[in-house]
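See below for the structure under consideration.
Please treat every number below as a calculation from the coordinates, not as lab data. Since we're looking at a predicted model, the values are computed, not measured. We place every Cβ from the backbone using ideal geometry, glycine too, and count neighbours over all the protein chains shown.
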Amino acid sequence: MSKDDSGKDDSGKHAPGDRIFLRGLECQCIIGFIDWERRVPQTVVIDLEFPADCARAAASDAVADTVDYKQVAKRVLAYVAASQFQLIETLAHRLALLLLAEFSLAWVRLNLNKPGAIRHSRDVGVVIERHRAERAGGG
C-alpha cells in the first residue's frame, strides 16, 4: 500500500503501532442498576488508546497534525459526568462510538473501571475496542 501526504496508507490507517493513550481519567457519574446507585454519583476510571500519526506530528510539531488528547479528555469527562446508564458496558460502548465520530478515529480501545463495585475487589470493569467501520451497526 502506498502512503499519501497525510502519512496514511491507502486504507486510511495510520502507521501501525502509533498510538496515543490516556490513563486514569476519573469522573463522577450515575452508573448502576441498584436503587442507591441511581441516586449517588460514583467514580469511574477510564483508560483510552487510539491511533495517531506520531511521525507526521513530530515532523510538524503542530497539534493540528495529531489527535488533541486534551480535547479528547475534556469531551470524555463531560460526556461521562452527564451520563446516567445502568451498565458500565453501555457507558463504555456509547463513549467509544462518540469518540470515533467526534475525533474521526479509526478505532478506540477503552477500559472503564468502577472501583469498589464488588466487595473484596479493587474494581470491576470492561475493556472494549470499537472500529469506525462498525459504527453503522451499533448505536
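How high is the FRET efficiency between residue 68 and residue 89 when r is their beta carbon distance and R₀ equals 30 Å, given to the nearest 0.05?
Working from the Cβ atoms, E equals 0.60.
Which stretch or stretches of segment 65-94 have amide N atoms under 13 Å from the point lying 7 Å from residue 122's Cα along the Cα→Cβ direction?
Those under the cut-off are none; the list is empty.
Between residue 38 and residue 102, what is 0.36 nm times their sequence separation minus the Cα-Cα distance? Round to one decimal in nm.
Gain on extension, residue 38 to residue 102, equals 20.2 nm.
If R0 is 30 Å, what FRET efficiency do you get for residue 134 and residue 30 from their C-beta distance, rounded to 0.05?
Calculated value: 0.65.
With unit charges on the beta carbons (Lys and Arg positive, Asp and Glu negative) and the dipole taken about the Cα centre of segment 19-132, which residue among 124, 34, 111 sits farthest to the positive side?
The one lying farthest along the dipole's positive direction is 34.
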